[in-house]
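Structure, as structure tokens:
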Amino acid sequence: MNASVKNIKTYDETIHRNGRIWMIAAIIITQGVPLAISLYYNVWPPFGKLMAGLLPTMMVFWPIAIIEVITYTPMLGSGGSYLGFVTGNLSNLKVPAAISAMQQAGVEPSTKEGEVISTLAIGASSLVTNVVLVTGVLLMSYLLPILESPALKPAFANLLPALFGALGVVFISRNWKISIAPLALMIGLFVAIPTLPVGILIPAGALVSIGVARIMYKRKML
Amino acid sequence: MEDIRNSPFMFTLGAFIALFVTVQSLVFMVNAWKEGQRLGLSAATMKKTLVGSSVFSVVPSIAILLAVLTLAGALGLPLPWIRLSVVGAITYELPAAETAAQAFGTSIKNSITDPTVFSAIAWAMSLGSVFAMILIAVFAKRIQSGIHKAQLKDTTWAGLLISAMFMGLISAFLGSSLVGGFVSILTLLSSAAVMALFGLLIKKAGLTKLENFAMPVSMISGMTVAALYSLAGKGGSL
């Protein structure tokens, strides 16, 4: 018993030490991609413009990151979190894969066994995604001329309405009451000043949406 | 000048990232396997997990590949491939790319051939999604050692907050889509209609297997409508 307790502690300690090393390496490597592009091609985007392009999405996604970390870490366990947060696609793939694997193996999240099964599941899942993406990208590289053909230009030009039309349905059907205020604001802004960039629309939409949701929540309207 | 987006250099970066993710996955799996043996988990159970998760992941991975494809028109293949191999998800990468492009006076509606804009988009996608990794590096140990302390005080509000933030973002892009005129609105409505149909099939008919394809198929349907409409408008026969 004592030996196994000692071993578990050892695994726990190593997983956090190794996990942090891998995570720091991943941070360096992911940020190394744009750095490599800038160095290799000697192109450096002006800082002010870059910030103007970065801040609006950061404002939305950084708070979501906090909630995701707090929510998913206990579900995925230590190893699963260090691996899952590097390989991404958490809510659409890694979290359901880990939960389903733990259920099938009959182990609970936040237990030693759950930790092992979750890490194995996320690892296997990451490898499969990698194989599919590498194969797909290799095949698609032969299709590049087709992708760039003039007939497909209007398709790619309408990528954003295509994503947000679908995403809109998902979120409006999930909680339509939350969607009224930001949608009304956007229609109002579109009528008043049709050419506002999304860099301004995003913070405006998010602030109004959160503010009204908070008031409705406090008044028990949600 | 060569097209940065699909240059051998970008493909090399992509291959390097794919290798990193593969090695990290293998190292973590080997460690977990050894720990599982120590804990007395049977090899059969662990094998079943590996096979089960692999099978489980095939369809969602194809959906991720389709997301790479949708971004390839503007950004080439390697950058979307890199971004969706690490950290990324289409719901983040696309808004991040468009917001950055707009700050430079363009849009990912067009092919991004300007090296400065392309690098700015790469920076914005990478910097914008680094926060969760920093949080995990700093706090994962603390969260795991005292799980209950770190749990959200008000989970209902946390869920609503995420929905509200997403709704703010979605409405901003819906609003800006209106500027694109009739084709954009037609695309938006087509994609929304296909998604609604998927919603009905998944919820009412219980076809949960369709869940993974709902987003990419809706997007591609909307984009196809845009292409067909433009083709028809030019007098082309369908």
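The values are calculated or read from the model by the stated rules, or taken from the named source; none is laboratory data. In this text, all values refer to a predicted model and were calculated from it rather than measured experimentally. Every residue, glycine among them, receives a Cβ derived from its backbone with ideal geometry; neighbour counts consider all protein chains shown.
Worth a mention:
- Selection count, the range A:80-129, where residues are within 30 Å of B:LEU75 (Cβ to Cβ), of a type in the set (S, T, N, Q) and surrounded by fewer than 20 Cβ atoms within 10 Å (Cβ to Cβ): 2
- Taken over the range A:45-68, residues that are over 23 Å from the mean Cα position of the chain (by Cα) and either more than 22 Å from B:GLN102 (Cα to Cα) or more than 7 Å from chain B (Cβ to nearest Cβ) (or both) amount to 3.
- Condition met for A:VAL191 (at the interface with chain B (Cβ under 7 Å from one of its Cβ atoms) and within 25 Å of B:GLY181 (Cα to Cα)): no
- Cβ-Cβ under 7 Å pairs, at least 6 apart or on other chains, the range A:96-116 side more than 7 Å from chain B (Cβ to nearest Cβ) and free of Cβ contacts under 8 Å to residues at least 60 places away in the same chain, far side in a loop (DSSP other than H, G, I, E, B) and surrounded by 16 or more Cβ atoms within 10 Å (Cβ to Cβ): A:MET102/A:PRO109; A:GLY114/A:VAL107
- Considering residues of the range B:15-49 that are of a type in the set (Ser, Thr, Tyr) and surrounded by 13 or more Cβ atoms within 10 Å (Cβ to Cβ) only, the residue farthest from A:LEU93 (Cα to Cα): B:THR45
- Within the range A:169-183, residues that are more than 9 Å from chain B (Cβ to nearest Cβ) reach partners that are surrounded by fewer than 20 Cβ atoms within 10 Å (Cβ to Cβ) and assigned to a helix (DSSP H, G or I) with beta carbons closer than 7 Å, at six or more positions or on different chains, in the pairs A:LYS177/A:MET216.
- Applying the condition of being over 20 Å from B:GLY168 (Cβ atoms) and crowded, with 19+ Cβ neighbours inside 10 Å to the range A:39-70 and asking which residue is modelled with the lowest pLDDT yields A:VAL69.
- Residue list for the range A:188-222, filter: among the polar types (S, T, N, Q) and loosely packed, with under 15 Cβ neighbours inside 10 Å: A:THR195
- Close pairs from the range B:50-79: first at positive phi and surrounded by 21 or more Cβ atoms within 10 Å (Cβ to Cβ), partner assigned to a helix (DSSP H, G or I) and of a type outside the set (Lys, Arg), Cβ under 9 Å, at least 6 apart: B:GLY76/A:LEU144; B:GLY76/B:ILE4; B:GLY76/B:ASN6; B:GLY76/B:MET10; B:GLY76/B:PHE118
- Of the residues A:LEU196, A:LEU143, A:LEU160, the single one that is within 7 Å of chain B (Cβ to nearest Cβ), free of Cβ contacts under 8 Å to residues at least 40 places away in the same chain and of a type outside the set (Val, Ile, Thr) is A:LEU160.
- Of the residues making up the range A:189-203, those that are farther than 13 Å from B:LEU174 by Cβ and either part of a helix (DSSP H, G or I) or touching a Phe, Trp or Tyr at 6+ places or on another chain (Cβ under 7 Å) (or both) number 5.
- Residue match in the range A:17-39 (condition: touching a Pro at 6+ places or on another chain (Cβ under 7 Å) and more than 7 Å from chain B (Cβ to nearest Cβ)): no
- Listed here are the helices (runs of 4 or more DSSP H) enclosed by the range B:1-117 that have at least 1 residues being polar (S, T, N, Q) and more than 7 Å from chain A (Cβ to nearest Cβ): B:8-39.
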